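Novice: To start, I am sharing the structure in question, which I have written as structure tokens.
The values are calculated or read from the model by the stated rules, or taken from the named source; none is laboratory data. Keep in mind that this is a model prediction, so the values were computed, not measured. Neighbour counts are summed over all protein chains in view; Cβ atoms, including those assigned to glycine, are modelled from backbone coordinates with ideal geometry.
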Amino acid sequence: MAKKISKTPVVPPKVKRATKTKRSAISTIAVPPPINAPDARVLDRLWATVLARKHADPATSHSARLLSRGTAKIAQKFGEEAVECLIEAVGGHRLALVAESADVLYHLLILWVDAGLRPEQIWAELARREGVSGITEKASRVASPIGFETTKIP
């Protein structure tokens, strides 16, 4: 049975832009999800679906097919989807960006299942970082071992 979709457009609440104060701190406000709209729990349900399909027949499940191809292929596919997402963002194509973002999240969940990760592990890491400046958080990370230097942009 098809899910009934409301014809009433959802108008997001107005968001106060981040502004610098005299102390150079940034003030923001939290924006709750729109009422009667999907929320992030859909990611937990999608992860559970992907996990359930891990040992399914690759001929009948796209998730099973990806997982059967191994980590390198899964990572390649995730990278392709991420690039497509970036292209749509740079091009200013909002609707295509929504679709590509969903693809990126799906393929990220495939990576998590392949690696044996659970969403709550990632949520816990995000919670640990919550309220910490990105600059402070990056500075607290342990440096890469010798011979494994990163090429990431600081």
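Novice: Hey, can you tell me all the residues within region 70-87 that are within 16 Å of the chain's Cα centre (by Cα) and over 21 Å from VAL113 (Cα atoms)?
Specialist: VAL83, GLU84, CYS85, LEU86
Novice: Is it true that VAL50 is among the β-branched types (Val, Ile, Thr) and either under 22 Å from GLU120 (Cα atoms) or at pLDDT below 95 (or both)? Give the derivation first.
Specialist: On the way: among the β-branched types (Val, Ile, Thr): yes; either under 22 Å from GLU120 (Cα atoms) or at pLDDT below 95 (or both): yes.
For VAL50, the condition - among the β-branched types (Val, Ile, Thr) and either under 22 Å from GLU120 (Cα atoms) or at pLDDT below 95 (or both) - is met.
Novice: Exactly one condition in (1) modelled with pLDDT of 95 or more; (2) β-branched (Val, Ile, Thr); (3) exposed (fewer than 13 other Cβ atoms within 10 Å of the Cβ) is not met by THR8; state its number.
Specialist: Answer for THR8: the failing condition is (1).
Novice: Under 6 Å between Cβ atoms, at least 6 apart or on separate chains: pull out the pairs that start in region 129-154 with a residue that is of a type outside the set (Ser, Thr, Tyr) and end on any residue that is modelled with pLDDT under 80 and surrounded by 10 or more Cβ atoms within 10 Å (Cβ to Cβ).
Specialist: ARG129/GLU137
Novice: Check off (1) closer than 28 Å to SER140 by Cβ; (2) part of a helix (DSSP H, G or I); (3) among the hydrophobic types (A, V, I, L, M, F, W, C) for VAL113 and give me the number that stays unchecked.
Specialist: Unmet condition: (1).
Novice: Since VAL132 meets every condition but one in (1) closer than 29 Å to ILE29 by Cβ; (2) among the β-branched types (Val, Ile, Thr); (3) touching a helix residue (DSSP H, G or I) at 6+ places or on another chain (Cβ under 7 Å), which condition does it not meet?
Specialist: If we test VAL132 against (1) closer than 29 Å to ILE29 by Cβ; (2) among the β-branched types (Val, Ile, Thr); (3) touching a helix residue (DSSP H, G or I) at 6+ places or on another chain (Cβ under 7 Å), just (3) comes out false.
Novice: Can you name the condition, by its number, that LEU97 falls short on among (1) surrounded by fewer than 17 Cβ atoms within 10 Å (Cβ to Cβ); (2) more than 20 Å from SER63 (Cα to Cα); (3) of a type outside the set (Asp, Glu)?
Specialist: (1)
Novice: Could you check how many residues of region 116-154 are loosely packed, with under 10 Cβ neighbours inside 10 Å, at pLDDT 70 or above, at negative phi and not in a helix (DSSP H, G or I)?
Specialist: Of the residues in region 116-154, 3 are loosely packed, with under 10 Cβ neighbours inside 10 Å, at pLDDT 70 or above, at negative phi and not in a helix (DSSP H, G or I).
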